[in-house]
Amino acid sequence: MRIVLFAKRNTKEILRDPTNLFFGLGFPLILLVLLSVINASIPAEANNTMFAIENLAPGLAMFGTAFMALFSGMLLSKDRTSSFLMRLFASPMTSLDFILGYTLPLFVMALAQAAITLFASCIAGLELTVNLLPAILMTALTSLLFVGFGLLFGSLMNEKAVGGICGALLTNVAGWLSGVFIPLDLIGGAFKKTADILPFYHGVQAIKATLSGDFAQMMPHFSIVLVYMLVVFVLAVIAFQRKMNGDKV
């Protein structure tokens, strides 16, 4: 119950800032329109399918969730500098309770964002099938990776540092190394190898495989994302626990 109450409070804090709603729900749609226009202007004889809706939709769905790192990190770092968390540290809540309380509202927001992005992609030409529902869930699950990054950095850094790392650095790394904006297979080399090692490209491929109904192909990609996600969340819990213990001394 205390986790739910804390999650409700965090939901109100997130929705209080209209900027969060724009980047969380509206920005992927703007990118969808712009990149769809670019795709329509590419001559058919170029045989360039990079921005075809079947490739674009899963990429934008994943990229949109990268902003969850900024939301979670900024909220946690702001709470750390106020007396709010200091008072809660005296409650029976554990570090895991706090982390879950920050995670739950962002998971719900990621579900809404994924649904809006993928259904809008259907208007742009993506085939509407029953696989859309598991793809929405898969997108929300991959978003937990970014939520974990935000909570980890929010436990360790101030708002300004979190804004720079989660708002600028992480979103750019996720965008370029996921293959959303550039053809990784065409570039190849060390760039492609780096993308294969990191989880962002695999997040896109997991969503893409789910959209096509190829769940056997989805599992290897999602497994890589899951490993990164678990490691990041464990580190976030440890960092937050140390912060709690330090502030209680």
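List of remarks:
- In angstrom, the C-alpha Rg and Dmax of the chain are 18.6, 68.
- As a rough guide to protection, the peptides 54-63, 219-228 ranked by mean Cβ packing within 10 Å, highest first, stand as 54-63, 219-228.
- Cα centroid of the range 155-200 to Cα centroid of the range 1-74, whole Å: 15
- Taking 19 Å as the cut-off, no amide N atom of the range 201-229 comes nearer than this to a point 7 Å along the Cα-to-beta-carbon line of residue 34.
- Electrostatic tally near residue 1: other residues with Cβ closer than 14 Å to its Cβ, Lys and Arg +1, Asp and Glu -1, net +2.
- Mean residue ellipticity (222 nm) of the chain, computed from DSSP H runs ≥ 4 via -39,500 (n - 2.57), nearest 500: -25000 deg cm²/dmol
- When each full DSSP H helix of the chain is screened for a Cα extent of at least 24 Å along its own axis and an average Kyte-Doolittle hydropathy of at least -1.0, the helices passing are 95-123, 132-156, 215-248.
- Whether the range 180-232 is rounded, prolate or oblate, judged on the alpha carbon gyration tensor where a/c under 1.5 counts as rounded: oblate
- When all alpha carbon pairs of the range 1-116 are counted in 5 Å bins from zero, the resulting P(r) reads 2, 10, 18, 18, 13, 10, 9, 7, 5, 4, 2, 1, 0, 0 %.
- Directionally averaged projected area (convex hull, Cα atoms, the range 88-166), nm²: 6.8
- Straightening the chain between residue 197 and residue 215 buys 4.4 nm, computed as 0.36 nm per residue apart minus the Cα-Cα spacing.
- Within the listed set 50, 138, 229, the residue fluctuating most in the Gaussian network model of the chain (springs between alpha-carbon atoms under 10 angstrom) is 50.
FYI, it's all coordinate maths here, none of it is from the lab. All of these numbers come straight from a predicted model, not from anything done at the bench. We place every Cβ from the backbone using ideal geometry, glycine too, and count neighbours over all the protein chains shown.
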